[in-house]
1. I'm checking my understanding of the structure. Among residues of region 1-24 that are over 16 Å from residue 277 (Cβ atoms) and part of a strand (DSSP E or B), which one is nearest to the ligand (Cβ to nearest atom)?
2. Only one residue in 288, 339, 259 is under 19 Å from the mean Cα position of the chain (by Cα) and at pLDDT 95 or above, so which one is that?
3. Answer yes or no as to whether residue 284 is without any contact (Cβ under 8 Å) to a residue 12 or more places away in the chain and part of a loop (DSSP other than H, G, I, E, B).
4. Any residue at all in region 333-353 that's in a helix (DSSP H, G or I) and within 27 Å of residue 236 (Cβ to Cβ)?
5. Of the conditions (1) in a helix (DSSP H, G or I); (2) out of contact with any strand residue (DSSP E or B) (no Cβ under 6 Å at 6 or more places or on another chain); (3) without any contact (Cβ under 8 Å) to a residue 40 or more places away in the chain, residue 302 satisfies every one except a single condition; which number is it?
6. Consider residue 290 against the criteria (1) in contact with a strand residue (DSSP E or B) (Cβ under 9 Å, 6 or more places away or on another chain); (2) free of Cβ contacts under 8 Å to residues at least 12 places away in the same chain: it satisfies all of them except one. Which criterion is unmet?
7. Can you name every residue in region 221-248 that is in contact with a helix residue (DSSP H, G or I) (Cβ under 6 Å, 6 or more places away or on another chain) and part of a helix (DSSP H, G or I)?
Ligand code: SF4
């Protein structure tokens, strides 16, 4: 099976308050050194690729010239039918960059909108405003993108259900094909975690968060966006192939600091530091600092844990084909417990999340591991 390719661009203009991804402030020189390294790595790849995803960080923070070099380096992998996505942020994407993306074969764009409410954007620590978000979407359409995704966040401390409804209405009406709708979480390495600990912000109650999620799952399908994974909604045919590859536990290659590769049943995680990443590469060392061979049973459990997040859940035939294990036998204990809690429904052919299960998908995923 052809692997998917993920390229991490670890630079952002400014850290958002809720973010725990690995990224640093953008610097032109640093970005150029980093690009030289990843282009050499891309050059060495000797297999066909099923999809390409350039994420971050903020890929659009790179200069036009740097983006041009990166996309030229990827040219030999591009096939007409393949999905090729890039993430952009409203403050750093412009018409020239969008034209370059289209010219170089990028056919899916993911815009980090997060909200159309300026007050909420400020509270999240975003540096763009709603006008820039709308422009980024309109410019993407104008450049010729027919597959546009936006990220939305709900549940910041100043938000209520009514505000989220209004935000989501704008998301559904802005003419995109895909919406990722994430609940705000307080990750330990993110600045808002500290703010919560100090008492300067108060997280919303779980019940309010659940209401917000439920609203999205009812409203977006009404507007033509079907939920195909816990947080992802798409118009028919616009489901993200790159992410479906991941939820199918299929192979992928990760380039860049903090990126993970999963090939031949082994997982490798790259060092989480750009400077060290560059140094390791220049010294001829592997940028991966951890490598784990997965036993077949571990691989099967991990497959269950990610695939259950999808709308269709797990077909036992598919699971047997994929892992060699019978799903019911392998996950018997977990399944019974989860079904008792109303999180999973299963029959003789397949298992899937219930509506309540979608709310507690992390609990279900962990139970299968
Ligand atoms: S949320 Fe995105 S733009 Fe904000 S700091 Fe994290 S990676 Fe950068």
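The values are calculated or read from the model by the stated rules, or taken from the named source; none is laboratory data. If you're wondering where the values come from, they're calculated on a predicted model, not measured in any experiment. Glycine also receives a Cβ, built like all others from the backbone with ideal geometry; neighbour counts cover every protein chain displayed.
1. If we take residues in region 1-24 being over 16 Å from residue 277 (Cβ atoms) and part of a strand (DSSP E or B), then 12 is nearest to the ligand (Cβ to nearest atom).
2. The conditions single out 259.
3. Spelling it out, residue 284 is indeed without any contact (Cβ under 8 Å) to a residue 12 or more places away in the chain and part of a loop (DSSP other than H, G, I, E, B).
4. No, every residue in region 333-353 fails to be in a helix (DSSP H, G or I) and within 27 Å of residue 236 (Cβ to Cβ).
5. (3)
6. In the conditions (1) in contact with a strand residue (DSSP E or B) (Cβ under 9 Å, 6 or more places away or on another chain); (2) free of Cβ contacts under 8 Å to residues at least 12 places away in the same chain, residue 290 misses (2) alone.
7. 247 - this is the single residue of region 221-248 that is in contact with a helix residue (DSSP H, G or I) (Cβ under 6 Å, 6 or more places away or on another chain) and part of a helix (DSSP H, G or I).
Conditions (1) in contact (Cβ under 8 Å) with a residue 12 or more places away in the chain; (2) touching a strand residue (DSSP E or B) at 6+ places or on another chain (Cβ under 6 Å); (3) farther than 30 Å from residue 82 by Cα, marked per residue:
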| position | (1), (2), (3) |
| --- | --- |
| 159 | yes, no, yes |
| 166 | yes, no, yes |
| 178 | yes, yes, no |
| 200 | no, no, yes |
| 209 | yes, yes, yes |
| 216 | yes, yes, no |
| 220 | yes, yes, no |
| 247 | yes, yes, no |
| 255 | yes, yes, no |
